[in-house]
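Chemist: Below you'll find the structure I mean.
The values are calculated or read from the model by the stated rules, or taken from the named source; none is laboratory data. Computed from a predicted structure; not experimentally measured. Methodologically, a virtual Cβ is constructed for each residue, glycine included, from the backbone with ideal geometry; neighbour enumeration extends over all protein chains shown. Surface accessibility is based on the protein's heavy atoms, side chains included, excluding ligands, DNA and RNA. Shrake-Rupley method; radii C 1.70, N 1.55, O 1.52, S 1.80 Å.
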Amino acid sequence: MADPIVAAIAFDGISPFHLSVPCLVFAEDRTTLGLPRFEFRVCAIEDGPIRTDAGLTISAPHGLSALDDADIVIVPSWKNLEVPPPAALLEALRRAHRRGALIVGLCLGTFAVAATGLLSGRRAATHWAFSDQLQALYPDILVEPEVLYIDNGDVVTSAGVAAGLDCCLHIIRARYGAEAALRLARQIVLSPHRQGGQAQFIERPIARTGYADRFAQALDTVRKTLHETHSLDSVAAAAGLTRRTFTRRFQKTIGTSFGDWLTDQRVALAQRLLEATEKSMDTVAFEAGFGSATSLRQHFSARLRTTPAQYRREFSKNAQERVAQAPR
């Protein structure tokens, strides 16, 4: 089976940070995490060395022709927002899309994707500070500045800077499952909690220090026993903290309330059970700590905007399609 090909667009003046986001997620060999080995390509729009906005100069080994057999094409950022991107780039993106490649615009890269017309009549995200500008330039796009990323199936766009990581992890989860995405998030030590629309959910690993203190141990215990009842007071006591101190530290460390975090953990566990097992909805609900299939459906729908049954069907369908489409 051929390695999936991921192509990232580079251009003169690009930010090294933005270019590093897809590199971090797709360029390293993480087969030990259950992920495929991606063939990662950095593709330059222009010939010659690329000067970054940080004063570094890099050499990209590929040009736009390397997009022609890519499975995922990522535009990590963009420049000169009022100036249309080069026609060669737009045509390369459209050609890749027609061939079935996933097109991704991270942060200001959404502007370049929008210029292709692929977002016409559809929802899109970009850096919140440039949302009005995107809307003004492309009034036929529904720009949503409050979300981390938006997945239209064949075109994905994200908000600014670190949201690009959330977006790339979402792509991993959508294609390879929640468990693989969780392992990757833990390895790259992603921020423990990322606010955004609840549909953009991915399990939030807890940031580690050099040793596991009672606070971290208490949360680890919760994650390992999600089927049990956990109250704010009982977990605070396990952490050796008062309710007020625990709440303050939890908000500062995780970035949300204990109740919301606990629900997110349970939804993520339910995702993995739905993906990896044929267990009944009642059993999934019990093992994930929801108690009943009705409660599972309510929380699942609130977080992911779909039902557990539909999620299982779609995941199974997508997995079968990936197998069918894989080169022999």
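Chemist: Within the range 216-300, considering only helices (runs of 4 or more DSSP H) that don't extend past its boundaries, which have at least 1 residues that are farther than 25 Å from Tyr176 by Cα and open to solvent by less than 60 Å² (accessible area, probe 1.4 Å)?
Modeler: Working: elements: 232-238, 243-254, 258-276, 281-288.
Those helices (runs of 4 or more DSSP H) span 232-238, 243-254, 258-276.
Chemist: What are the residues in the range 230-259 that are within 20 Å of Ala288 (Cβ to Cβ) and touching a residue at least 24 places away in the same chain (Cβ under 8 Å), if any?
Modeler: Step one: of the range 230-259, the residues within 20 Å of Ala288 (Cβ to Cβ) are 230-232, 234-235, 254, 256-259.
Matches in the range 230-259: His230, Leu232, Ile254, Thr256, Phe258, Gly259.
Chemist: Right, here's the next one. Give the residue, chosen from Val113, Val104, Val143, that is among the aliphatic types (A, V, I, L, M), closer than 26 Å to Asp71 by Cα and within 17 Å of the chain's Cα centre (by Cα). Break it down into steps so the answer makes sense when it comes.
Modeler: Values: Val113 fails: within 17 Å of the chain's Cα centre (by Cα); Val143 fails: within 17 Å of the chain's Cα centre (by Cα).
Only one candidate passes the filter, namely Val104.
Chemist: Within the range 103-130, count every residue that is among the β-branched types (Val, Ile, Thr) and either more than 24 Å from Asp12 (Cβ to Cβ) or part of a helix (DSSP H, G or I) (or both).
Modeler: Taking the range 103-130 first, the residues among the β-branched types (Val, Ile, Thr) are 103-104, 110, 113, 116, 126.
Applying the additional criterion that residues be either more than 24 Å from Asp12 (Cβ to Cβ) or part of a helix (DSSP H, G or I) (or both) yields 110, 113.
So the answer is 2.
Chemist: While we're here: Just the residues that are at pLDDT 90 or above and touching a Phe, Trp or Tyr at 6+ places or on another chain (Cβ under 6 Å), please, taken from the range 293-308.
Modeler: Leu296, Pro308
Chemist: Residue by residue through the range 75-102, note down the ones that are of a type in the set (Gly, Ala, Ser), surrounded by 15 or more Cβ atoms within 10 Å (Cβ to Cβ) and part of a loop (DSSP other than H, G, I, E, B). Lay out the reasoning, then the answer.
Modeler: Restricting attention to the range 75-102, the residues satisfying the condition of being of a type in the set (Gly, Ala, Ser) are 77, 87-88, 92, 96, 100-101.
Filter once more, so that each one left must be surrounded by 15 or more Cβ atoms within 10 Å (Cβ to Cβ): 77, 92, 96, 101.
Correct list: Ser77, Ala101.
Chemist: Does the range 114-142 hold any residues that are open to solvent by 20 Å² or more (accessible area, probe 1.4 Å) and within 19 Å of Pro76 (Cβ to Cβ), and which are they? Spell out how you get there, then give the answer.
Modeler: Step one: list which residues in the range 114-142 are open to solvent by 20 Å² or more (accessible area, probe 1.4 Å), which gives 115, 117-118, 120-123, 127-130, 132-133, 135-140, 142.
Answer for the range 114-142, where residues must be open to solvent by 20 Å² or more (accessible area, probe 1.4 Å) and within 19 Å of Pro76 (Cβ to Cβ): Ala115, Leu118, His127, Trp128, Ala129, Phe130, Gln133.
Chemist: Are there any pairs with C-beta distances below 8 angstrom linking a residue in the range 53-72 that is over 18 Å from Phe26 (Cβ atoms) to a residue that is in a loop (DSSP other than H, G, I, E, B) and of a type in the set (Gly, Ala, Ser), with the two at least 6 apart or on different chains, and if so which?
Modeler: Hits for this filter: Asp53/Gly13; Asp53/Ser15; Ala54/Ser15.
Residue by residue, here is whether (1) under 20 Å from the mean Cα position of the chain (by Cα); (2) at pLDDT 85 or above; (3) among the β-branched types (Val, Ile, Thr) holds:
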site: Ala237; (1), (2), (3): no, yes, no
site: Thr256; (1), (2), (3): yes, no, yes
site: Lys279; (1), (2), (3): no, yes, no
site: Gly291; (1), (2), (3): no, yes, no
site: Ala324; (1), (2), (3): no, no, no
site: Arg328; (1), (2), (3): no, no, no
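Chemist: May I ask you to verify whether Val147 is open to solvent by less than 40 Å² (accessible area, probe 1.4 Å), touching a residue at least 24 places away in the same chain (Cβ under 8 Å) and outside any helix (DSSP H, G or I)?
Modeler: On the way: open to solvent by less than 40 Å² (accessible area, probe 1.4 Å): yes; touching a residue at least 24 places away in the same chain (Cβ under 8 Å): yes; outside any helix (DSSP H, G or I): yes.
The answer is yes for Val147.
Chemist: Go through the range 69-84 and give me each residue that's at pLDDT below 95 and touching a helix residue (DSSP H, G or I) at 6+ places or on another chain (Cβ under 8 Å). Working first, answer last.
Modeler: The first filter runs over the range 69-84 and keeps only residues at pLDDT below 95, leaving 79-84.
Listed by number, the residues that qualify are Leu81, Glu82, Pro84.
Chemist: Condition first: without any contact (Cβ under 8 Å) to a residue 12 or more places away in the chain, touching an Asp or Glu at 6+ places or on another chain (Cβ under 9 Å) and more than 23 Å from Leu232 (Cα to Cα). Now tell me which residues in the range 278-308 satisfy that.
Modeler: Result: Lys279, Thr306.
Chemist: Moving on. What number of residues within the range 1-40 are within 21 Å of Val113 (Cα to Cα) and either surrounded by fewer than 19 Cβ atoms within 10 Å (Cβ to Cβ) or of a type in the set (A, V, I, L, M, F, W, C) (or both)? Show your work before the answer.
Modeler: Restricting attention to the range 1-40, the residues satisfying the condition of being within 21 Å of Val113 (Cα to Cα) are 5-23, 25-26, 40.
In the following step, the residues that additionally are either surrounded by fewer than 19 Cβ atoms within 10 Å (Cβ to Cβ) or of a type in the set (A, V, I, L, M, F, W, C) (or both) were identified as 5-17, 19-21, 23, 25-26, 40.
Here the count works out to 20.
Chemist: Which ones in the range 57-74 are β-branched (Val, Ile, Thr) and surrounded by fewer than 22 Cβ atoms within 10 Å (Cβ to Cβ)?
Modeler: Taking the range 57-74 and keeping what is β-branched (Val, Ile, Thr), we get 57-58, 72-74.
Scanning the range 57-74 gives Thr57, Ile58.
Chemist: Against the condition outside any strand (DSSP E or B) and within 18 Å of Phe11 (Cα to Cα), how does Asp69 come out, does it pass?
Modeler: Details: outside any strand (DSSP E or B): yes; within 18 Å of Phe11 (Cα to Cα): no.
When the stated conditions are applied, Asp69 does not pass them.
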